[in-house]
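One structure is given here, and the rest of the page talks about it.
The values are calculated or read from the model by the stated rules, or taken from the named source; none is laboratory data. Everything numeric in this text was worked out from a predicted model, so none of it was measured. Positions of Cβ are backbone-derived with ideal geometry, glycine not excepted, and every protein chain shown enters the neighbour counts.
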Amino acid sequence: MQKNLRDFEGKSTVFIDATIFLHHAFDANPVSVEFLNRVELSNIKACTSALVLEEVSCKIMMQSASNYLERVTVQHVKKLLENPKNREKVLTPLIGYINYLDKLQEAGMLVIDLKAADMKQAARYAKDHGLITADAAHLAVMLRKSIHHMATEDSDFSTVPDITVWSPSA
């Protein structure tokens, strides 16, 4: 089931997917920005996973690196980061966003660790629901913690019967 993220009232815990953080980081969707503002004000019981934070961090770093590279590949970014001056320029936006994520955690957002057993379950969820492994791992973490609400713009999760998807574009 999919609902509009604007309508989420926060009575239950919601798992925040990478798309919501990236909308906020790049000011790409006002609904996602407003939602995270509500999380920051402690009006919403929210959580995410360490894997989501890694996805967000990687995408922010790659986006920042794209300002200095003609072609963005992992190898080109690694080479760019060898130079300390480039490293400073590329990683400054990431460090700034990590500081924001710290504020969300101080406001009560939980960050759940990914366990080896989650990956075993994720393989089953990937097979059952046609999810990529990272998304299936998010689902495994959610269901292990009995969380049935997810804030995401990823429509792939709408095929999962056990959760309610709260989308900024619904």
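Numbers at a glance
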quantity	calculated
Condition check for residue 11: surrounded by fewer than 21 Cβ atoms within 10 Å (Cβ to Cβ), touching a Ser or Thr at 6+ places or on another chain (Cβ under 9 Å) and either among the polar types (S, T, N, Q) or outside any helix (DSSP H, G or I) (or both)	no
Residue list for region 107-153, filter: over 21 Å from residue 23 (Cα atoms), aliphatic (A, V, I, L, M), part of a helix (DSSP H, G or I) and out of contact with any Phe, Trp or Tyr (no Cβ under 9 Å at 6 or more places or on another chain)	116, 117, 119, 122, 123, 126
Residue 110 among the hydrophobic types (A, V, I, L, M, F, W, C) and crowded, with 16+ Cβ neighbours inside 10 Å	no
Whichever residue in region 153-170 is surrounded by fewer than 20 Cβ atoms within 10 Å (Cβ to Cβ) and not β-branched (Val, Ile, Thr) and, among such residues, is nearest to residue 12 (Cα to Cα)	162
So residue 56, is it touching a residue at least 24 places away in the same chain (Cβ under 8 Å), under 21 Å from residue 19 (Cβ atoms) and in contact with a Phe, Trp or Tyr (Cβ under 9 Å, 6 or more places away or on another chain)	yes
Test: residue 109 is among the aliphatic types (A, V, I, L, M) and modelled with pLDDT of 95 or more	yes
Residue 126 surrounded by fewer than 14 Cβ atoms within 10 Å (Cβ to Cβ), among the aliphatic types (A, V, I, L, M) and at pLDDT 95 or above	no
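Yes or no, residue by residue, for (1) within 25 Å of residue 12 (Cα to Cα); (2) free of Cβ contacts under 8 Å to residues at least 40 places away in the same chain; (3) of a type outside the set (A, V, I, L, M):
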{"position": "74", "(1), (2), (3)": "no, yes, no"}
{"position": "85", "(1), (2), (3)": "no, yes, yes"}
{"position": "97", "(1), (2), (3)": "no, no, yes"}
{"position": "103", "(1), (2), (3)": "yes, no, yes"}
{"position": "122", "(1), (2), (3)": "yes, yes, no"}
{"position": "129", "(1), (2), (3)": "yes, yes, yes"}
{"position": "137", "(1), (2), (3)": "yes, no, no"}
